[in-house]
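First up is the structure itself, then whatever we jot down about it.
The values are calculated or read from the model by the stated rules, or taken from the named source; none is laboratory data. Bear in mind that the values here come from a model prediction, so they are computed numbers and not experimental data. Here Cβ is always computed from backbone atoms with ideal geometry, including for glycine, and neighbour counts include all displayed protein chains. Each accessible area value is taken on the protein alone, full model and side chains, heavy atoms only, with ligands, DNA and RNA left out. Shrake-Rupley method; radii C 1.70, N 1.55, O 1.52, S 1.80 Å.
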Amino acid sequence: MPAAPPPCADTARANSARADALDAALPQTQCRRCGFADCRGYAEAIAAGEADIDRCPPGGAEGIARLAQLTGRPARPLDPACGEERPRAVAVVDEAGCIGCTLCIKACPVDCIVGAPALMHSVIEADCNGCELCLSACPVDCIAMHPASGTQTGWAAWSAAQAQRSRARYLAHRERVERDRREHDARMAARMTSGMAAGMAAGMAAPATGTGEA
């Protein structure tokens, strides 16, 4: 008979399965207001017993209720240190103020901002999840959040389909960033190798110098 997996492996699998369910219950805005790098990180922390269920402002009270049901923990009010539940908003760039720095493009977790260096940027409103990460990235404060859900807040302002689309765009964003990093590293390595080879060739081609006896 095959040996039984160690208890730690069973715990890891159980936590991963719990994290999957918890992650699916989160709105996938990747806003970091919970104190974690993304929704998945927060879900894993809850599954491991390292975070409470009251740290997601975009999910609001309904989101806390969903997490409470999944974890068996009592529902509680949203932690005010993480923000407040409010209507969903989307980012809008002031064309007159934009300097084309691209910092907001780099900050957006779902790649919904388009533009190029020194050119005006625009937000694809249908793909904006209201994370607000672009606000602090902008050095000239030319981005503002505009209401997009009327008076509806939390999950009433954000559908499951939108959450799934936001997660898919975030995963694609992560893949693109990682691909760009690998390509950059490869270029730097090739440049270094080329420079070293050129230096060696130059050294070998240089005429020998010295003093000889007459």
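Structure above, values below:
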{"read-out": "Matching residues, the range 73-108, being without any contact (Cβ under 8 Å) to a residue 40 or more places away in the chain and open to solvent by less than 50 Å² (accessible area, probe 1.4 Å)", "value": "L78, D79, G100, C101, T102, C104, I105, A107"}
{"read-out": "Test: residue in the range 150-165 that is part of a strand (DSSP E or B) and within 30 Å of P77 (Cβ to Cβ)", "value": "yes"}
{"read-out": "Residue match in the range 113-126 (condition: within 28 Å of D23 (Cβ to Cβ), in a loop (DSSP other than H, G, I, E, B) and in contact with a Cys (Cβ under 9 Å, 6 or more places away or on another chain))", "value": "yes"}
{"read-out": "Qualifying residues in the range 138-195 (those that are polar (S, T, N, Q), over 21 Å from G115 (Cα atoms) and modelled with pLDDT of 95 or more) - the one surrounded by the fewest Cβ atoms within 10 Å (Cβ to Cβ)", "value": "T151"}
{"read-out": "First in the range 122-134 and touching a residue at least 40 places away in the same chain (Cβ under 8 Å) and among the charged types (D, E, K, R), second anywhere and assigned to a loop (DSSP other than H, G, I, E, B) and open to solvent by 10 Å² or more (accessible area, probe 1.4 Å), Cβ under 8 Å, 6 or more apart", "value": "D127/D111; E132/C31"}
{"read-out": "Among residues of the range 109-122, those that are open to solvent by 30 Å² or more (accessible area, probe 1.4 Å) and within 20 Å of the chain's Cα centre (by Cα), counted", "value": "4"}
{"read-out": "Residue list for the range 70-107, restricted to those being assigned to a loop (DSSP other than H, G, I, E, B) and touching a helix residue (DSSP H, G or I) at 6+ places or on another chain (Cβ under 6 Å)", "value": "A75, E85, R88"}
